[in-house]
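S.K.: Below is a structure I'd like to ask you about.
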Amino acid sequence: VDRWQEFEFFAPASVVQWTGALEAGRGAQENRDQPGGFSLRMYHGAAPETEGSCHYFWTGANGYRQDDPGATEQLYQELASTFAEDVAFLEAQYARVMADPHRPLVDIKHDGARVQARRAVERMIRAENQPAVAAE
């Protein structure tokens, strides 16, 4: 198959994902909206709860066998399992960072999206902390 995954970040804490597949050679890169493939749009979002906790929301919009309740339930179960793994990973990662919160993060090639997201949030924080300019 020809697969794709696209992610769009909306600062400060939302990601919209589009993933899918078509049989190899059907021109998925040029036209992904073809019958017979698999397509899934997902939302990932975090909302602060306390200084050290947040709520993690997710949902998937099924673009595959939409008229089959069994397929929708199977997709939900697979997504729920995957997102539960993500939550466990994020909780462990947060605990590790909090064990030494002043230690700088080490950026590697595969952190490119995280680095860009962090920079976007840092720009938002700087802008929010700027004194208001009086209108003349």
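S.K.: May I ask you to list pairs of residues, at least six apart or on different chains, whose Cβ atoms are under 7 Å apart, with the first in segment 15-37 being touching a residue at least 40 places away in the same chain (Cβ under 8 Å) and the second being surrounded by 10 or more Cβ atoms within 10 Å (Cβ to Cβ) and part of a strand (DSSP E or B)?
M.R.: Going by the 7 Å Cβ cut-off, the qualifying pairs are G20/W4; G20/F38; G20/S39; G20/L40.
S.K.: Also, I was wondering about something else. Given (1) farther than 19 Å from Y76 by Cβ; (2) within 11 Å of the chain's Cα centre (by Cα); (3) open to solvent by less than 70 Å² (accessible area, probe 1.4 Å); (4) not aliphatic (A, V, I, L, M), where does F9 come up short, assuming only one miss?
M.R.: F9 satisfies every listed condition except (3).
S.K.: One residue is enough: does segment 75-91 have a residue meeting the conditions open to solvent by less than 80 Å² (accessible area, probe 1.4 Å), within 30 Å of P35 (Cβ to Cβ), touching a Gly at 6+ places or on another chain (Cβ under 6 Å) and not small (G, A, S)?
M.R.: Quick first cut of segment 75-91, residues open to solvent by less than 80 Å² (accessible area, probe 1.4 Å) only: 75, 79-84, 86-88.
Within this subset, residues satisfying the condition of being within 30 Å of P35 (Cβ to Cβ) are 75, 79-83.
Then drop every residue that is not touching a Gly at 6+ places or on another chain (Cβ under 6 Å), which leaves 79.
In the following step, the residues that additionally are not small (G, A, S) were identified as 79.
Scanning segment 75-91, I find at least one residue that is open to solvent by less than 80 Å² (accessible area, probe 1.4 Å), within 30 Å of P35 (Cβ to Cβ), touching a Gly at 6+ places or on another chain (Cβ under 6 Å) and not small (G, A, S), so the answer is yes.
S.K.: Pairs needed: first member in segment 38-52, among the acidic types (D, E); second member anywhere, surrounded by fewer than 10 Cβ atoms within 10 Å (Cβ to Cβ); C-beta distance under 8 Å; at least 6 residues apart or different chains.
M.R.: Listed pairs, sorted by first residue: E49/H55.
S.K.: Moving on to the next point. Which residue out of A71, A117, A95 is in a helix (DSSP H, G or I) and more than 24 Å from A13 (Cβ to Cβ)? Before you say what the answer is, go through the steps one by one.
M.R.: Numbers: A117 fails: more than 24 Å from A13 (Cβ to Cβ); A95 fails: more than 24 Å from A13 (Cβ to Cβ).
Just one listed residue meets the conditions, A71.
The rows are residues; the columns are (1) under 19 Å from A113 (Cβ atoms); (2) small (G, A, S); (3) in contact with a Lys or Arg (Cβ under 7 Å, 6 or more places away or on another chain); (4) modelled with pLDDT of 90 or more.
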| position | (1), (2), (3), (4) |
| --- | --- |
| T19 | yes, no, no, no |
| E30 | no, no, no, no |
| R65 | no, no, no, no |
| T72 | no, no, no, no |
| E91 | no, no, no, yes |
| A95 | no, yes, no, yes |
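S.K.: Is there a residue in segment 51-70 that is among the aliphatic types (A, V, I, L, M), open to solvent by 40 Å² or more (accessible area, probe 1.4 Å) and within 30 Å of R123 (Cα to Cα)?
M.R.: Just the residues of segment 51-70 that are among the aliphatic types (A, V, I, L, M), to begin with: 61.
Those still in the list that are open to solvent by 40 Å² or more (accessible area, probe 1.4 Å) too: 61.
Remaining after also requiring within 30 Å of R123 (Cα to Cα): none.
No, segment 51-70 has no match at all.
S.K.: Yes or no: A46 under 21 Å from the mean Cα position of the chain (by Cα), at pLDDT 85 or above and farther than 15 Å from Q5 by Cβ? Talk me through it step by step, then tell me what you get.
M.R.: Details: under 21 Å from the mean Cα position of the chain (by Cα): yes; at pLDDT 85 or above: yes; farther than 15 Å from Q5 by Cβ: yes.
Judged against the criteria, A46 is a match.
S.K.: Still on this structure, I have one more. Only residues that are under 18 Å from F83 (Cβ atoms) and either surrounded by 15 or more Cβ atoms within 10 Å (Cβ to Cβ) or β-branched (V, I, T) (or both): list them for segment 21-45, please. Outline the logic, then answer.
M.R.: In the first step, residues of segment 21-45 are kept if they are under 18 Å from F83 (Cβ atoms); the result is 40-45.
Answer for segment 21-45, where residues must be under 18 Å from F83 (Cβ atoms) and either surrounded by 15 or more Cβ atoms within 10 Å (Cβ to Cβ) or β-branched (V, I, T) (or both): L40, R41, M42, H44, G45.
S.K.: Any idea how many residues of segment 98-114 are exposed (fewer than 11 other Cβ atoms within 10 Å of the Cβ) and part of a helix (DSSP H, G or I)? Before you say what the answer is, go through the steps one by one.
M.R.: Step one: list which residues in segment 98-114 are exposed (fewer than 11 other Cβ atoms within 10 Å of the Cβ), which gives 98-106, 108-110, 112.
From what's left, part of a helix (DSSP H, G or I): 98-99, 109-110, 112.
So the count comes out to 5.
The values are calculated or read from the model by the stated rules, or taken from the named source; none is laboratory data. Quick caveat, the model's predicted, so the values are computed rather than measured. Quick reminder, even Gly has a Cβ in these numbers, built from the backbone with ideal geometry, and neighbours come from all protein chains shown. We work out accessible area using only protein heavy atoms, side chains counted, and drop any ligands, DNA or RNA first. Shrake-Rupley method; radii C 1.70, N 1.55, O 1.52, S 1.80 Å.
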